[in-house]
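See structure below.
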Amino acid sequence: MEVKLKNKNGILLVELQEEIDLFHANKLKLYFNKIFESSHKRIVLNFQDVTYIDSSGIGALLNIFKESKKREIKILFTNIHGSVKKVIELTKLDDYFPIVRTQEEALEQLGAAE
Amino acid sequence: MQIVAFVSDFFSGPEWFRIIIALILLAMTQQISKKYEIPYINGLKRIPQLLVLRELIAAFYFTPTIYYISDAIILVIYLWWLNSYSEHRKTTTTYTIIVIGITAALVTAYEFFPEVTLTLFAVNVNLAVMITMFYFLMNEVSVYNTDQAGYIITNRTMIFIFMLVGRLSLFFDPTLQSVWAQYILLPFSMLAPIYYIFQYDIYFYSLQVDNEEFNSQYLNSLFDFMQTIGTAMTERIEVKAVLEYVMQAIVQYTDAEAGIVLLRDTDDETLRLTCREGYFPPPYELPQIVATRIQSVETYFENTPIKMGQTVIGEAAKNNEALLIRNTVEDGRMKANIRENTMYISSLIAIPLMVNNEVFGIVSVIHRTKRQLFTELDYERCKVFVEYASLTLDSLYNYSQLLEKQEIEREVNIAGEIQKKLLPGRMPKRIRDMVSAWSQPAKGVSGDYYDIITLNRAGKLAVVICDVAGKGVPASLIMVMIRTIIHLVAGSTQDASKVVSWINRGIAGRIDIERFATLSYITFDPNTNALEYSNAAHHPLVILRAEDGRIEKIDSEGLPIGLEREAKYERKTTKLNPGDAVMLYTDGIIEAMNPAGEQYEEERLQEVFISNARKTSDEILKAIRNDIDGFVGSAKQHDDQTLIIMKA
């Protein structure tokens, strides 16, 4: 799976792509372990281009979220829509995950928090 | 005017007062018998009805006869109630004849010669004597000869006193005509049922509290146990060490005096002593000289294996049947263990260990004092433990073979094998008629688990559907954990949300968070039509109402299993009317894809469900399967599919 990285005012923007399923979940987890090792303390995960997620994908997100909490890294999920939104709502995780509507809102929140 | 006079007479009369007491008793009995599962209460439920009936008759036509006849019937109900606890069929029949025969003869005589009240006096004497005989029968009840005797033992004296006081007081006025008899003496006869119904409430409430406390303690240890075994999987510890751990756990939780694990030696078909906890004499005859010293008994047992098929333990292993001998002296099968002090065993449980589809060995625990005997509950818990050990040993065994051969692709098959073993076993016909289930693992993925559990003899059942994220052996092991917890707690609580919280508490913090699970748990009681539902972020429950052919969706709050230890789960209740159908499914069903890459979708599933509403659960299931097959065509199945239909 492809991941696009951008840096905006010290905030790491991660744009996830296409499908997060059984075959990509582990890669994503390992990828984030590397990101967590770096010095970034504020991360925005953008789901705009994600078309599909399955339970393994949700598992990977849970892992990423838990790990970020442990390392006191601020992380926000944005632009969740379509089938991804449906899956997250179905698994009742919409209040559990740190979700905001748009990337701008996320950047603002993280900026203001500093 | 006569009616008015009658009504005002009635409401100012003593019958009115007694009817109210009887009605209160009736309501209490109904409520308490619904609240708990009280054994043998059906007869007792008739008593308040009888009391109400007799007061109603007395309001129109008062004669002492109806009181004496109904009192005799009530005493007979008591006698047969006691008989269902501890069999005294002959004595009970004799007493029934005496009570009914003498009472009937005497009251008939009274009806013909109402001026001779001595007959009524004699009825009272007869009943008082028989009440005393009933008390003697109750006193024969003890924990050694009767299951669930606790209630009778605690309350027999008070029940007797109330019965006798009610009876003796009638000696003051056997014709029951005086105001004194009407207002005080007759209501006295209702003291005994009021007392025992109150006691039932107290007794079963405390039993339930104890049970729940024990359960939560027990569960915590079980969870640790599971975790230890889980680590054993990854650290490749020896089978013997796992067995020792299993042994200790079982001895501890059944409060047994000793326990052993015997492993099967397939070369000469024997069972060899592998682990031992406490002093455990062998189940076979020993040479006299050996049997006198505990130490020589132990050495002898270590060196003399049991042949498969010989002794109660060998037989249980050979036939692959779990065994409970509650009382060895009464049972008679263990002659070698009831005479000598050193050989004495009072109660025994033996449960075969199944690994790789054959008997791998047998676990057995014993009590050695007369005062302590195993209960059905001990037996059930033992079974859950051993079954869990079997399932994990099974995976341990397969896994270690796998690691040796480095055949990682086979892991998936093993997971599939484990999963097959989790599926519900044979079920009673009425449950098979009510619930139909179908589960199809996709290649490379296995994460669905479902189960149908009978909760009581009256046909109450629990249905669970669960989807564990991820695949392979680790996911299967989580299913094994979930299954074990459900089987342990489902029977001991009426509350569906409690079962789900217990599952969550057992899993959360002990697994990788990415192996979370979504799960729905329902219970259904066909006798009351009550359905309970609790959901851990699985698809909502779909109910198709027969009345208007509409779909009703029920959902309840709660996070997936395994995220937060303290997650709260909501409980929803509803009634199913005859013909209502319930559907549970996993993602794989609605995400089934056709060659064009389109998904089956929830809407289509519901349409097919509705259009087959009038069929049986099995036919509905088949119709949906056919429709999915038709839709998918040649496309490859990419996720597990599980579908359950239940019809009230």
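Nothing in this text is a laboratory measurement; each read-out follows from the coordinates by a stated rule. Quantities reported herein were computed from a predicted structural model and do not represent experimental measurements. Because the Cβ atoms are built from the backbone with ideal geometry, glycine has one as well, and the counts that use them run over all protein chains shown.
Quick notes
- Extension gain, B:Ser296 to B:Lys370: 0.36 nm times the residue separation minus the Cα-Cα distance gives 24.3 nm.
- Local electrostatic count, A:Leu76, Cβ distance below 11 Å [Lys/Arg +1, Asp/Glu -1]: +1
- Anisotropy class of region B:449-573 from Cα gyration tensor, a/c 1.5 cut: prolate
- Using the Cβ of B:Met28 as centre and a radius below 14 Å, the other residues enclosed give a net charge of +2, where K and R count +1 and D and E count -1.
- Taking a sphere under 12 Å around the Cβ of B:Val329 and counting the other residues whose Cβ falls inside, with K and R at +1 and D and E at -1, yields a net charge of +3.
- For region B:501-602: relative contact order, % (alpha-carbon pairs under 8 angstrom, 6 or more apart): 28 percent
- Long-range amide H partners of B:Asp580 with built H, under 5 Å: B:Ala546, B:Ala648
- Between the Cα long axis of helix B:191-235 and the first principal axis of chain B there is an angle of about 10°, rounded to the nearest 10.
- Within region A:44-114, the trypsin sites (Lys or Arg not before Pro) that combine a DSSP coil assignment with at most 12 other C-beta atoms in a 10 angstrom radius are A:Arg71, A:Arg101.
- For region A:28-33, 3J(HN,Hα) computed residue by residue from phi via the Karplus equation (6.51, -1.76, 1.60; θ = phi - 60°) reads 4, 4, 5, 4, 5, 4 Hz, glycine and proline entered as x.
- Chain A - share of DSSP beta bridges that are antiparallel (%, nearest 5): 30 percent
- Label sites at B:Lys429 and B:Thr117, each approximated as a point 7 angstrom past Cα along Cα to Cβ, lie 6.0 nm apart.
- Table column - 3J(HN,Hα) (Hz), region B:316-333, Karplus curve with 6.51, -1.76, 1.60, x for Gly and Pro: 4, 5, 5, 8, 6, 10, 5, 9, 10, 10, 5, 9, 5, 5, 6, 5, x, 7
- Among the trypsin sites (Lys or Arg not before Pro) within region B:512-567, those in coil by DSSP and having at most 16 neighbouring Cβ atoms inside 10 Å are B:Arg545, B:Arg550, B:Arg565.
- The H on the amide N of A:Val50, modeled in the peptide plane, is under 5 Å from the matching H of A:Glu18, each at least 5 residues off or on a different chain.
- Tilt relative to chain A, helix A:55-70 - C-alpha long axis, 0 to 90 degrees, to 10: 20 degrees
- Put simply, the amide H of A:Phe77, placed in the peptide plane, has neighbours under 5 Å in A:Leu45, A:Ile99, A:Val100, leaving out anything fewer than 5 places away on its chain.
- Helix axis angle, B:2-12 relative to chain B longest principal axis, alpha carbon, degrees: 70 degrees
- Relative contact order (%) - region B:1-152, alpha-carbon pairs under 8 angstrom, separation at least six: 19 percent
- Integer Hz, Karplus 6.51/-1.76/1.60 couplings in order for region B:165-181, x for Gly and Pro: 4, x, 6, 4, 4, 6, 4, 5, 8, x, 7, 6, 8, 6, 4, 4, 5
- Cβ crowding within 10 Å, taken as a proxy for footprinting-reagent exposure, orders B:Arg381, B:Arg432 from fewest neighbours to most as B:Arg432, B:Arg381.
- Taking 24 Å as the limit for the C-alpha separation, the pairs A:Lys34/B:Lys636; B:Lys572/B:Lys647; A:Lys66/B:Lys636 exceed it in the case of A:Lys34/B:Lys636; A:Lys66/B:Lys636.
- Cross-link pairs exceeding 25 Å in C-alpha to C-alpha distance, out of A:Lys29/A:Lys86; B:Lys553/B:Lys622; B:Lys429/B:Lys568, comprise B:Lys429/B:Lys568.
- Each helix, a run of at least 4 DSSP H residues, gives -39500 (n - 2.57); summed and divided by the residues of chain B, these come to -17500 deg cm²/dmol at 222 nm.
- Rounded, prolate or oblate (a/c below 1.5 giving rounded, otherwise prolate when a/b exceeds b/c) for the protein assembly as shown by Cα gyration tensor: oblate
- Gyration tensor (alpha-carbon) shape descriptor, region B:304-390, a/c threshold 1.5: oblate
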